[in-house]
1. Treating cross-link reach as a plain straight distance, find the aspartates and glutamates whose alpha-carbon is under 18 Å from the alpha-carbon of LYS35, omitting any fewer than eight places away in the same chain.
2. Tabulate in residue order the Karplus-calculated ³J(HN,Hα) for the range 50-64, using 6.51 cos²θ - 1.76 cosθ + 1.60 with θ = phi - 60°, rounded to whole Hz; enter x for Gly and Pro.
3. Just name one of SER148, ASN159, LEU98: the one whose Cα is farthest towards the positive end of the charge dipole of the range 62-168 (beta-carbon charges, Lys/Arg +1, Asp/Glu -1).
4. Nearest 20 debye, what's the magnitude of the dipole of the chain about its Cα centre given +1 on Lys and Arg Cβ and -1 on Asp and Glu Cβ?
5. Which order do PHE142, PHE39 fall in if you start with the one that has the fewest other Cβ atoms within 10 Å?
6. Kindly flag which residue pairs out of LYS71/LYS94; LYS122/LYS164; LYS20/LYS42 have an alpha-carbon separation exceeding 26 Å in this structure.
7. With the dipole of the chain worked out from charges on the C-beta (+1 for Lys and Arg, -1 for Asp and Glu) around the Cα centre, which of THR240, MET30, THR128 lies farthest toward the positive end?
8. How much length is gained if the chain between HIS51 and THR199 is pulled fully straight, taking 0.36 nm per residue apart and subtracting their Cα-Cα distance, in nm to one decimal?
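Each value in this text was obtained by applying a stated rule to the coordinates, not by laboratory testing. What you are looking at is a predicted structure, and each value in this text was computed from that prediction instead of being measured. As a convention, Cβ positions derive from the backbone with ideal geometry for all residues, glycine included, and neighbour counts pool all protein chains shown.
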Amino acid sequence: MHRIFFPKELKERIEIRGSKAHKISSVLRMNKEEKLLIFDGKGKSQIMKIHEINKDSVSLYAPKNIINKPKNIPEIILAISLIKPSRFETAIEKTTELGVSEIYPMVTQNTSSIFHKRMNQKIIDRMTNIAISAAEQCGNDFIPQIHSPIKLEQILNFNDEETKFILYYEKAKLDSKIDIKITDYKKVIILIGPEGGFTESEYYQINQKSLVLSLGENILRTETASICAVHEVNRLIRSTL
């Protein structure tokens with residue numbers, strides 16, 4: 001069943017306009033009484049039938065009740081150093097599919113100033129649309145919030161009793177033992193560094209507050225590391241349920 005994001009409150013009857021209406025009518029070529037799964041990006045979804053359809057608008061009605069899916073606990077938050085936009089977009093797409101709840105573009109000492117200066121609201125909106133498309137495709141009812149760029153030091157200030165930082169570091173021991181239960185926390189923040197890695201002073205700051213683990217012996221590109229790290233945290237969460 002095709003899934004469509006609807007950014008407003010889900011009701012028994014809704015109307016979709018603009019590019020989404022065009023997609024339903026002209027790309028998917030759907031007809032009256034066909035079903036769509038509509039979701040709001042915040043955990044609510046419902047199966048709806050098409051009542052009226054044209055290229056500019058689609059009206060739908062709900063034969064069934066709204067499904068309200070609770071957020072996963074702990075929430076997975078990704079703090080990833082700014083990199084080339086096309087590669088950053090890959091990280092957004094794939095980690096949305098894996099279920100992250102928030103994404104922070106992070107500025108570190110080795111982050112390119114070019115990427116930081118280019119990051120404006122237009123680019124954030126584009127990245128949000130990439131996350132929406134990924135959620136529509138993969139079946140995720142939650143769309144991650146993509147924040148404005150933030151410095152590493154500010155991220156580390158999010159530290160509290162309900163939050164756990166995880167750093168996947170190429171120099172960490174491959175057999176690092178995990179002596180905590182991830183599901184005891186409400187939020188897990190994954191820290192992914194830039195191409196040049198974190199500096200020694202940054203690593204020292206992070207190490208004071210983080211669980212440091214390994215993704216293997218190879219040095220991964222930033223977007224690859226983010227995808228692997230989110231997958232690994234999901235695996236850790238499932239293993240403790």
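1. GLU12, GLU15, GLU52, GLU136, ASP141
2. So the J values, rounded to whole Hz, are 6, 9, 9, 8, 8, 5, 9, 8, 9, 9, 10, 10, 9, x, 10.
3. SER148
4. 800
5. PHE142, PHE39
6. Beyond 26 Å between Cα atoms: LYS122/LYS164.
7. Working it through, the farthest residue towards the positive pole turns out to be MET30.
8. Numbers: separation 148, 0.36 × 148 = 53.28 nm, distance 5.80 nm.
Between HIS51 and THR199, full extension yields an extra 47.5 nm.
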